[in-house]
1. Identify all residues within the stretch 48-66 that are among the small types (Gly, Ala, Ser) and free of Cβ contacts under 8 Å to residues at least 24 places away in the same chain; write none if there are none.
2. Answer yes if at least one residue in the stretch 93-110 is among the small types (Gly, Ala, Ser) and surrounded by 20 or more Cβ atoms within 10 Å (Cβ to Cβ), and no otherwise.
3. Anything in the stretch 11-33 that is more than 10 Å from LEU72 (Cβ to Cβ), among the hydrophobic types (A, V, I, L, M, F, W, C) and surrounded by 17 or more Cβ atoms within 10 Å (Cβ to Cβ)? List them, or say none.
4. Is it the case that the stretch 88-100 has a residue that's in a helix (DSSP H, G or I), out of contact with any Gly (no Cβ under 7 Å at 6 or more places or on another chain) and under 30 Å from MET1 (Cβ atoms)?
5. Name the one entry in LYS79, LYS8 that is under 25 Å from LEU117 (Cα atoms), surrounded by 13 or more Cβ atoms within 10 Å (Cβ to Cβ), touching a residue at least 24 places away in the same chain (Cβ under 8 Å) and over 16 Å from the mean Cα position of the chain (by Cα).
6. Pull up the stretch 48-71, narrow it to residues that are more than 16 Å from the chain's Cα centre (by Cα) and within 13 Å of ARG89 (Cβ to Cβ), then point me to the one that is surrounded by the most Cβ atoms within 10 Å (Cβ to Cβ).
7. Just give me the residues in the stretch 93-117 being among the basic types (Lys, Arg) and in contact (Cβ under 8 Å) with a residue 12 or more places away in the chain, in sequence order.
8. Could you grab the pairs with beta carbons closer than 7 Å, sequence gap of 6+ or different chains, first residue in the stretch 34-47 and within 18 Å of ASP75 (Cα to Cα) and surrounded by fewer than 18 Cβ atoms within 10 Å (Cβ to Cβ), second one at pLDDT 95 or above and not hydrophobic (A, V, I, L, M, F, W, C)?
Amino acid sequence: MDKELKDKLVECGFDVDTTLQRFMGNETLYFKFLKKLPADQNYKAFIEAVEKEDLEAAFRSGHTLKGVMSNLGVDGALKALVPMVEKLRANETAGLQEELKEFQDRYEKAIVCIESL
């Protein structure tokens, strides 16, 4: 991967080095899966469930999304999502709506970055 592309991904909140190791150095495979993230329905399901305060659905979709993002190295957005998923696991809602905005901003930044590849 050229330095310019790697720097762009890092700036967008991606852990490129660790993720490429996870993909055994196969950049083509990494980008194939990375480009599928914008179509993942768990993001939409998570946002809707949090907004409706459906804690079970929010936890389920959030936990799934956390796994997908972790595997793809979307660390910037993941750092905002993990505390939310842990709150949902404990059936806590304090501050969840406020945290949602931060997560959305980071996730959407990552998606814009992916779509520009």
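The values are calculated or read from the model by the stated rules, or taken from the named source; none is laboratory data. None of these values were measured; they are calculated from a predicted model. FYI the Cβ positions are ideal-geometry reconstructions off the backbone, even for glycines, and counts take in every protein chain you see.
1. Result: ALA49, ALA57, SER61.
2. Scanning the stretch 93-110 turns up at least one residue that is among the small types (Gly, Ala, Ser) and surrounded by 20 or more Cβ atoms within 10 Å (Cβ to Cβ).
3. If the condition is that a residue be more than 10 Å from LEU72 (Cβ to Cβ), among the hydrophobic types (A, V, I, L, M, F, W, C) and surrounded by 17 or more Cβ atoms within 10 Å (Cβ to Cβ), then CYS12, VAL16, LEU20 are the ones that fit.
4. No - not one qualifying residue is present in the stretch 88-100.
5. Working: LYS79 fails: over 16 Å from the mean Cα position of the chain (by Cα).
Of LYS79, LYS8, the one residue that is under 25 Å from LEU117 (Cα atoms), surrounded by 13 or more Cβ atoms within 10 Å (Cβ to Cβ), touching a residue at least 24 places away in the same chain (Cβ under 8 Å) and over 16 Å from the mean Cα position of the chain (by Cα) is LYS8.
6. The residue in question is LEU55.
7. Those that are among the basic types (Lys, Arg) and in contact (Cβ under 8 Å) with a residue 12 or more places away in the chain: ARG106, LYS109.
8. Here the result reads PRO38/GLU115, each pair linking the stretch 34-47 to a residue that is at pLDDT 95 or above and not hydrophobic (A, V, I, L, M, F, W, C).
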